[in-house]
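Written out below as structure tokens is the structure these notes cover.
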Amino acid sequence: MPISAMKKVELLQLLKHKIAQLDNPSRVQVKLPLHTRFAPHLFSENNQSFSFYYRELQQTLTQLENAPETDPSLYSFFAEKLLSQYAALSEALNQKTRPKYISHPLNKEKHHIHQLPPRERLEKYYEALQALNEKLMSLQDKLQKGQEEQQRKLLRQKIQVTHQRKAKCLAAIELLEEYLVFKNTQEQQS
């Protein structure tokens with residue numbers, strides 16, 4: 001079925017599937033706090049456990065499910081909030097599983113992406129995807145040039161992490177594009 005014909009039920013199924021992917025026991029320490037400060041409009045508290053944020057994400061999903069299709073602004077509000085929560089929590093989990101590096105000025109800008117309107121956020125996601133593709137090419141070139149084994153191992157790890165980041169970026173782009181198509185369909189029907 002084409003994306004443009006996506007109905008509320010299909011969008012909700014897709015969102016549930018994406019949210020369920022966050023709840024991976026091998027990756028997530030459910031009871032350990034995530035030392036992350038989220039925007040106040042996304043989650044009610046900071047420095048809580050994954051399970052706390054996951055429950056709030058589920059609550060937003062329930063609110064979205066219960067929002068009447070006859071009220072597109074309410075429906076859009078919950079859908080945008082859910083997408084922002086998903087992206088922010090996903091990013092926090094990625095930071096938790098990566099080694100901590102010295103923060104650089106771009107980190108501030110990264111957190112503001114989730115507060116942008118969906119179309120602008122999508123542009124930023126595409127910019128990030130392009131940067132990840134360029135980084136992958138650069139890392140693969142370095143690997144081909146033949147380094148000593150220690151460096152090759154480190155390069156392979158960096159390539160693997162970059163592939164994971166690229167996959168998450170692609171998933172976020174797909175989810176946001178499908179949401180925008182759904183939102184446009186709702187607005188046209190109103």
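The values are calculated or read from the model by the stated rules, or taken from the named source; none is laboratory data. What you see is a predicted model; the values in this text were computed from it and never measured. No Cβ is skipped: glycine too gets one built from the backbone with ideal geometry, and neighbour counts run over all protein chains shown. These accessible areas exclude ligands, DNA and RNA; they are computed on the full protein's heavy atoms, side chains included. Shrake-Rupley method; radii C 1.70, N 1.55, O 1.52, S 1.80 Å.
Being more than 15 Å from the chain's Cα centre (by Cα) and either of a type in the set (Val, Ile, Thr) or farther than 30 Å from residue 39 by Cα (or both) narrows it down to one residue among 183, 145; which is it? Reasoning before the result, please.
Working: 183 fails: either of a type in the set (Val, Ile, Thr) or farther than 30 Å from residue 39 by Cα (or both).
The unique qualifying residue is 145.
Considering segment 1-20, the residues that are open to solvent by 90 Å² or more (accessible area, probe 1.4 Å) and at pLDDT 70 or above include one that is nearest to residue 181 (Cα to Cα), namely 7.
For segment 120-135, the set of residues classified as open to solvent by less than 60 Å² (accessible area, probe 1.4 Å) and not basic (Lys, Arg) consists of 122, 125, 128, 129, 131, 132, 133, listed by residue number.
Yes or no: residue 26 at pLDDT below 85, among the polar types (S, T, N, Q) and part of a helix (DSSP H, G or I)? Don't jump to the end; show me each part of the working.
On the way: at pLDDT below 85: yes; among the polar types (S, T, N, Q): yes; part of a helix (DSSP H, G or I): no.
Against the criterion (at pLDDT below 85, among the polar types (S, T, N, Q) and part of a helix (DSSP H, G or I)), residue 26 does not qualify.
Scanning segment 39-51 for residues that are open to solvent by less than 50 Å² (accessible area, probe 1.4 Å) and touching a Ser or Thr at 6+ places or on another chain (Cβ under 9 Å) yields 39, 42, 46. Once segment 52-69 is narrowed to residues that are open to solvent by 70 Å² or more (accessible area, probe 1.4 Å) and free of Cβ contacts under 8 Å to residues at least 40 places away in the same chain, the residue that is farthest from residue 7 (Cα to Cα) is 55.
Each row is one residue, and each column tells you yes or no for (1) open to solvent by 100 Å² or more (accessible area, probe 1.4 Å); (2) closer than 25 Å to residue 95 by Cβ.
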residue: 137; (1), (2): yes, yes
residue: 148; (1), (2): yes, no
residue: 154; (1), (2): no, yes
residue: 158; (1), (2): no, yes
residue: 161; (1), (2): no, yes
residue: 166; (1), (2): no, yes
residue: 172; (1), (2): no, yes
residue: 176; (1), (2): no, yes
